Amino acid sequence: MTALAAVVLCAGKGTRMKSEKAKVLHPILGRPLCAYPLKRALELGASHVVPVVGHQAEAVEKTVRALFPDAPLRFAVQREQRGTADAVRSAEEALKGYSGRVLILYGDVPLLRRETLEALLAEHDRTGGPLALVSTTLEDPTGYGRVIREGGRVARIVEHKDCTPEQRAVRESNAGIYSVDAAFLWKALAGIKPQNAQGEYYLTDLVEMAAKLGPVGTVEADATETAGVNDRVELAARARVLQQRINEAHMRAGVSIQDPATAYIEEGVVIGPDTEVGPMVTLAAGTVVGRGVTLGQGSVLTASTVADGTVIKPYSVLEEAKVGERNVIGPFSRLRPGTELAEDVHLGNFVETKKARIGKGSKANHLTYLGDANIGAGCNVGAGTITCNYDGVNKHVTELGDGVFIGSDTQLVAPVKVGDGAYVGAGTTVTKNVPPGSLAVSRTPQTTKEGWVAAKKARRAGKTQAG
């Protein structure tokens, strides 16, 4: 297999975005624009991936490294915006010593499919020339470079502003995506001159140079797939396409999505068959959902795992949580990072957990906070219970053994342990360990004064008559 490297152009400012943020950092379905072409290059097995940065170079590099911490990234900087050929040439030093194919992609083209790039590389192999490209046929190609053929073979690309009237009638347009032999690329780039209406170094000049040395292969792609992003309207339009594409793939794999127009599922999310996804559900990257799961309306899951048969009721939020089989969560539950739930756990409305490990069959069904807690199997935690885990300086752990019953409105002041089978009465503040099988109660004993209400009314009546 021919060696492969990729250059991804991420240097543009994106003035039409009207933003202080670099264009390629604007999010689309939870990830920056540039994440999509970078991931495609990595999926193809590129041994070197060179993002060419410019505007807000440090911010772009920091974001990309965080997204792909183990990827073979080599950053290059385009100091001045002098055209696409100049941008690619900026990557030459980063690829010094590399020989093979170079895939040229764009940080603002998020919809390009892996299958299209695989077809491009195969076409490059088939034709055997120094270059192959992706083209698209447009109803209105205004603004795009035209693919000019002679005798059926690609001869050159002519940018729209440089076209003759006859050339402007051509509808086959250049998508700007190339597979190029490295040795040819660097030699050809050195010879490109800014002899055009824009006064820029055009990458498209490579095509005419390549055509003189051998056939230029072409792969046709849909115009939507190769469309870039220039402003926020186009950003939203591309997001809708990506959303539809992802949702359709899940549905064809056996997932039911009640309202695909409002379900936001990021690329890379895994969902098992026979899972039901309600309206307005958001599933962020890193989330893995099992088989036969119900995800209620408005639920938001981020980097969480949900095992088979669990029901997530509406408007629950899970962040870096691990949920076992047959759990019932919500509505309006919040599972924060570090939450780990065993099988058959029930967490109800307005229950919040953080770094909580909860054993099989345990329940906390109402208005409860469980932070920094280890809870055994078969426990029942009453409404209004909280673990007081923070003393103003440090966090402390609360431990409940198996079969513990916690009455409503209990405060567990950590660090504290409640042994197996122990009971804690409602309204108790637990500040000391409770031995197994014990009852802990700290509330003030109840006092009942019979006839008190009637006496009070009589006193009020007497005062009124005296007045």
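Structure above, values below:
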| quantity | calculated |
| --- | --- |
| Residue pairs meeting the criteria (Cβ under 8 Å; at least 6 apart or on separate chains; first closer than 14 Å to Leu4 by Cα and modelled with pLDDT of 95 or more, in the stretch 117-130; second part of a helix (DSSP H, G or I) and of a type outside the set (A, V, I, L, M, F, W, C)) | Leu117/Arg40 |
| Test for Ala261: is it at pLDDT below 95 and either part of a loop (DSSP other than H, G, I, E, B) or not assigned by TED's automatic domain parsing to the domain that holds Arg126 (or both) | no |
| Any hit, the stretch 47-63, residues being under 26 Å from Glu220 (Cβ atoms) and either in contact (Cβ under 8 Å) with a residue 24 or more places away in the chain or among the polar types (S, T, N, Q) (or both) | yes |
| So Gly378, is it surrounded by 22 or more Cβ atoms within 10 Å (Cβ to Cβ) and small (Gly, Ala, Ser) | no |
| Matching residues, the stretch 62-94, being in contact with a Lys or Arg (Cβ under 7 Å, 6 or more places away or on another chain) and part of a loop (DSSP other than H, G, I, E, B) | none |
| Filter pass, Leu318 being touching a strand residue (DSSP E or B) at 6+ places or on another chain (Cβ under 6 Å), farther than 15 Å from Thr368 by Cα and not in a loop (DSSP other than H, G, I, E, B) | yes |
| Residue, nearest to the chain's Cα centre (by Cα), within the stretch 110-149, restricted to residues that are surrounded by 24 or more Cβ atoms within 10 Å (Cβ to Cβ) and in a loop (DSSP other than H, G, I, E, B) | Pro110 |
| Residue in the stretch 151-176 that is surrounded by the fewest Cβ atoms within 10 Å (Cβ to Cβ), counting only those that are touching a residue at least 12 places away in the same chain (Cβ under 8 Å) and in a helix (DSSP H, G or I) | Lys161 |
| Residue check, Gly392 modelled with pLDDT under 95 and not β-branched (Val, Ile, Thr) | yes |
| Residues of the stretch 1-16 satisfying the condition of being touching a Lys or Arg at 6+ places or on another chain (Cβ under 6 Å) and modelled with pLDDT of 95 or more | Leu4 |
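The values are calculated or read from the model by the stated rules, or taken from the named source; none is laboratory data. Keep in mind that what you see is a predicted model, and the values were worked out from it rather than measured. Cβ coordinates were reconstructed from backbone atoms using ideal geometry, including for glycine residues, and neighbour counts include every protein chain displayed.
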